[in-house]
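Shown next, in structure tokens, is the structure this report addresses.
What follows is calculated from the coordinates using simple rules that are stated; it is not laboratory data. None of these values were measured; they are calculated from a predicted model. Positions of Cβ are backbone-derived with ideal geometry, glycine not excepted, and every protein chain shown enters the neighbour counts.
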């Protein structure tokens, strides 16, 4: 992992889970697992977040909330589905009000299945997400540089 322009910030949302995965996400923040060693800061504001970590399945009550959080996040952004419920709907997938995993509402970049997912697996998923985020930042910077260069091209003036 190379240095980026800023430390990646993470927002966690519990869609509709049994809270087993949420406890494991909180365990990642403790000194035993220490996800902050990667520069990750847990934030509550989607406008500051780079990584969107979702636990639980998407249902009728929260599908719009998941979409709003995603839309409020600045580009580039990465979505991580943590736990089998976030990946597929899990044991709740056949319930009348469950739409499925997070990918039924927004695009997902990293799937991390497990019931309940272990902190090590969450950290692995976040590290994969950091790699994707870095690639997207580089592509965005290259695209911005190309756009700025095209605007300053004297041949087009």
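Only beta bridges with both residues in the chain are counted; by DSSP, about 10 percent of them are antiparallel. A Gaussian network model of the chain, with springs between Cα atoms under 10 Å, assigns the largest mean-square fluctuation among 107, 31, 76 to 31.
Taking all Cα pairs closer than 8 Å and separated by 6 or more residues, the relative contact order of the range 9-156 comes to 25 percent. In nanometres, what is the gap between the two model label sites at residue 141 and residue 68, each 7 Å from Cα along Cα-to-Cβ? Here the modelled spin labels are 3.4 nm apart.
Approximating the spin labels as points 7 Å out from Cα along Cα→Cβ, the residue 30-to-residue 120 distance works out to 1.6 nm. Out of these labelled values of semi-axes √(5λ) of the Cα gyration tensor in Å, [x] 39, 18, 14; [y] 65, 17, 13; [z] 31, 19, 12, which was calculated from the coordinates shown here? Recomputing semi-axes √(5λ) of the Cα gyration tensor in Å here picks out [z].
So what's the back-of-envelope 222 nm ellipticity for the chain, counting only DSSP H runs of four-plus at -39500 (n - 2.57) apiece and dividing by all residues, rounded to 500?
Rounded to the nearest 500, the figure is -12000 deg cm²/dmol.
Compared with the alpha-carbon gap, the fully stretched path from residue 41 to residue 75 is longer by 10.5 nm at 0.36 nm per residue.
Comparing mean-square fluctuations of 89, 114, 39 from a GNM of the chain with C-alpha springs under 10 Å, the top value falls on 39.
Build a GNM of the chain with springs between Cα atoms under 10 Å apart, and of 55, 30, 43 the one that fluctuates most is 30.
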